[in-house]
Amino acid sequence: MSGGIRFDRVSVAYDGTTVLDSLDLAVEPGEVMALLGPSGSGKTTALRAVAGFVRPAAGRVFIGDRDVTELPPHRRGIGMVVQQYALFPHMRVEDNVAFGLKARGISKGEIRDRVAETLEMTGMSAYARRHPRELSGGQQQRVAIARALAIRPGVLLLDEPLSALDARLRSGMLVELARLHRELPDMSILYVTHDQVEALTLADRIAVMDKARLRDVGTPRELYRAPRTEFTAAFVGEANLLPVRVTVDGVTFAGTELKVPTGDAVEGAGATLCVRPHLVGLGAGPNVLNGRLADVQWRGATHRLHVDVGGHRVMADLRELRTAPAPGDLVELHFAPEDAVLLAAGVTDG
């Protein structure tokens, strides 16, 4: 089956409560689309609608050019990896990977070849005869991915696949997933996560979800550098969201005039200014903000400063300082006009 996924105004409800509301979204063949959002945002429900594990109350689901809304999961031609891997504990690695192929009636010779191919692709060839209990969490994850890939799906669904791994293993698996996608460029991947780093690292595009609805969609660069809503700005990376009022030449914040692009914003209107913490510098420069240091956190490669500016908390991420200011010190922050994005007040949906 060809890749690509399309949600056509898909809604899902449980006991009268809408958990996915009129989702319109297309995942192109070969594209990695991350569904990013907090718990309860509808992202896993959307993935389960594609898998066939939940039935839409309204709308249609397409895989490639086929309407699969009424098809059972095993007829949709998808691979799926869930949070806890769901490996069969009594089966060896090679038998876990072969399971879906046997269920499809594939010949023994082809099963042998495909198992060997996908274990090689995921770096697990040397573990074919082991049982899941003899593997680390990262190795079990690789086996789960190999099992999903063995059926050669047009679509791969990943539901929080790295959430059970520690930070070091997650970082390594992100590299491996990116490599696998390069080796399988025609396969579409729908990746559910609440982790911003995973979405920014892997996805060609990110669909931001909240309260059962799609709020924004775009490339990671677009959503990070030029978010359209406060929710997107806050959820895709960290952000200073400063309440401002539009002036002729920029905005005012906490009594300070700031030069920033205002587009077609109306003079006198309230708005929110988005500035990423790593784009805020310490000392003199354009758009100076004076405040008192409330807290300083050492993060290894960086220091995070929390500065009180007119009763508002402003964050600045600075390369590790040889001598960091102390809480209570008066400090001067600055940011470039081009590093700020003005969000119109009241804009909540994408």
What is the extension gain from ASN290 to ARG168, computed as 0.36 nm multiplied by their sequence separation minus the C-alpha to C-alpha distance, in nm to one decimal? 40.1 nm
Grab the beta carbon distance between ALA269 and ASP186, set R0 = 51 Å, and tell me the FRET efficiency rounded to 0.05. 0.60
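Over the stretch 238-344, what is the relative contact order in whole percent, taking alpha-carbon pairs under 8 Å and six or more residues apart? Walk me through the intermediate numbers first.
Details: 260 pairs, mean separation 34.2, N = 107.
In percent, rounded to a whole number, it is 32.
Quick one: net charge around ASP204, please, counting Lys, Arg +1 and Asp, Glu -1 for every other residue with C-beta under 14 Å from its C-beta.
Details: positive: ARG182, ARG205, ARG221; negative: GLU28, GLU31, ASP186, GLU198, GLU222.
Residues close to ASP204 contribute a combined charge of -2.
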Restricting to DSSP H runs of at least four residues, report the calculated mean residue ellipticity at 222 nm for the chain, -39500 (n - 2.57) per run over all residues, nearest 500 deg cm²/dmol. -7000 deg cm²/dmol
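For the stretch 5-229, calculate the relative contact order in percent as a whole number, restricting contacts to Cα pairs under 8 Å that are 6 or more residues apart. Could you put the intermediate results ahead of the total?
Values: 428 pairs, mean separation 67.5, N = 225.
Dividing the mean separation by the residue count of the stretch 5-229 yields 30 percent.
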In the chain, what is the volume of the convex hull around the alpha carbon atoms, normalised per residue and reported in Å³? 165 Å³
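Assuming 0.692 mPa s and 37 °C, estimate D for the stretch 238-344 with Stokes-Einstein, Rh taken as the Kirkwood radius over Cα pairs, in µm²/s.
Values: Rh = 14.0 Å.
D, rounded to a whole number, is 235 µm²/s.
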Selected from GLY218, GLY59, GLY268 as most flexible by GNM, with the chain as the system and alpha-carbon contacts under 10 Å: GLY268
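Just so you know, all these numbers are worked out from the coordinates, no wet-lab data involved. Note that the coordinates shown come from a computational prediction; the quantities given were computed from them, not determined experimentally. Cβ coordinates were reconstructed from backbone atoms using ideal geometry, including for glycine residues, and neighbour counts include every protein chain displayed.
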